[in-house]
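The values are calculated or read from the model by the stated rules, or taken from the named source; none is laboratory data. All values reported here derive from a predicted model rather than from experimental measurement. Using ideal geometry, Cβ is built from the backbone for each residue, glycine included, and neighbour counts are taken over all protein chains shown. Please note that ligands, DNA and RNA were not included when accessible areas were found on the heavy atoms of the full protein model with its side chains. Shrake-Rupley method; radii C 1.70, N 1.55, O 1.52, S 1.80 Å.
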Amino acid sequence: MATTDTELIDLLARLSNAKAPSGFEDEVVDIVREFCDGWATVEVNSLLDVIITPGNVSPDKPTLMFDAHGDEVGGMVQSIHAGGTMNFVELGRFAPNTLAGQDVWVRTTRGAWTRGVIGVKPPHFWGAAERAEGTAPLTLDVGATSKTDAIERFGIGIGEPIVPATDFTYDEATGIAIGKAFDCRVGVCALLLALRELATRDDLPVNVIGCISAQEEMGERGVGAAARQVKPDAAFLFEGCPADDTFTPADEIQTALRRGPMFRYFDRCMITNPRYQRFVLDVAAACDLPAQTAVRTGGGTNGGVLHQLDIPSVVAGIPCRYIHAGTAICAVGDIRTAARMGIAVAERLTPEALASF
């Protein structure tokens with residue numbers, strides 16, 4: 001890949017720091033528009049799916065769609081209490097017990113973002129039932145002292161989005177990045193870098209069109225509309241997937257940092273096309289690219305929607321520790337490897353290979 005480490009880290013940092021929960025992907029859309037300026041056409045639909053069409057597309061070739069979702073898990077203000085605190089709902093699903101004490105950004109009705117915290121009742125005040133269960137109700141708090149104060153001074157409104165207030169950091173010595181929204185901003189990063197490199201090529205057997213899809217965390221709601229627009233013959237998905245190397249017995253680990261992207265055979269929404277999966281794994285072996293495989297009993301991706309539209313799909317899952325929490329960890333080398341995998345597959349996906357799926 002022609003991308004420098006500095007460019008990759010800068011792009012990943014901007015994507016991670018973007019405040020863009022499901023349904024509010026605007027900041028990611030802006031980053032994608034800027035990145036694609038000069039080498040691709042960008043279209044955005046009403047769901048905030050972003051379709052990226054490079055200038056080398058030919059009407060005589062089949063189409064491979066690259067997909068990664070632009071949204072992150074977050075929340076939304078549901079109601080405002082008389083004392084100024086708020087109820088909220090989750091957009092997507094946070095891991096249990098991770099929100100208590102989490103500092104967050106809350107968008108105001110004026111379009112700015114203000115800091116807040118997911119507050120939990122101090123244990124000093126817990127009742128017997130709360131002590132027995134080990135949990136107490138959570139509340140959203142920006143420091144307001146009344147409902148009027150929250151609305152008028154802080155600009156709080158019902159329906160406004162919430163995201164964790166985690167700043168991206170990168171350690172050059174270790175190659176480790178820490179930040180929020182790696183599900184799926186690491187995938188968006190890999191997709192953009194791979195697609196830009198492929199956009200310079202006129203020798204590819206397929207057109208490659210990118211999709212940064214919306215609302216994946218709310219049940220894969222956006223990718224179907226994008227697929228109906230692109231009409232791909234196959235899809236290669238980039239995903240920030242949960243690593244399992246911090247809690248799984250060593251001989252059962254299937255998604256570890258620094259071992260390349262994970263390709264799943266099965267999850268709760270898809271049995272991966274075995275012929276396409278084998279093709280991709282053979283490409284990885286031929287190109288000496290590290291890859292992992294997994295059988296997952298939980299989780300799902302946009303592949304669950306795409307394969308039901310008769311679009312053969314594989315998922316390159318970039319391992320990230322602690323996704324669906326406020327802060328995650330990834331190895332940047334795995335992002336680069338996933339991008340190289342997407343490039344290598346696009347180079348070899350001939351009409352004959354497509355027909356075999």
Expressed as a percent, the accessible surface of the stretch 145-261 that is carbon or sulfur, using a 1.4 Å probe and the full set of protein chains, is 47
Would you mind giving the three semi-axes, in whole Å and largest first, of the ellipsoid equivalent to the stretch 1-129 according to its Cα gyration tensor? 39, 16, 15
Taking the reciprocal of mean 1/r across every pair of different Cα atoms in the chain, the Kirkwood radius in Å is 21.0
Hydrodynamic radius by Kirkwood for the stretch 182-243, inverse mean 1/r across distinct Cα pairs, in Å, is 12.8
Using only the alpha-carbon atoms of the stretch 153-264 as identical scatterers, what base-10 log of I(q)/I(0) does the Debye formula give at q = 0.16 Å⁻¹? -1.04
Using the alpha-carbon atoms, what tilt in degrees (0 to 90, nearest 10) does helix 274-286 show relative to the longest principal axis of the chain? 80
Cα→Cβ-extended label distance, 7 Å offset, between residue 285 and residue 26, nm: 5.0
Accessible area in the full protein assembly, largest first, 1.4 Å probe, for 278, 93, 131: 93, 131, 278
What accessible area per residue comes out for the stretch 18-102, rounded to a whole number of Å², with a 1.4 Å probe? 41
If the convex hull of the alpha-carbon atoms of the stretch 248-310 is projected onto planes in all directions, what is the mean projected area in square nanometres? 4.9
When the convex hull of the Cα atoms of the stretch 234-357 is projected onto a plane and the area is averaged over all directions, what value comes out in nm²? 7.5
Probe of 1.4 angstrom, ligands and nucleic acids ignored: what's the accessible area per residue over the stretch 213-263, in square angstrom? 40
Using only alpha carbon pairs under 8 Å that are at least six residues apart, calculate the relative contact order of the chain and give it in whole percent. 22
For the Cα atoms of the chain, what angle does the longest principal axis make with the long axis of helix 26-36, in degrees from 0 to 90, nearest 10? 30
Under 8 Å for C-alpha pairs, at least 6 residues apart: give me the relative contact order for the stretch 193-269, rounded to a whole percent. 13
Using only Cα atoms and rounding to the nearest 10 degrees, what angle (0 to 90) does helix 5-17 make with the longest principal axis of the chain? 40
Ranked highest first by average number of other Cβ atoms within 10 Å, how do 298-306, 202-210, 111-119 line up? 298-306, 202-210, 111-119
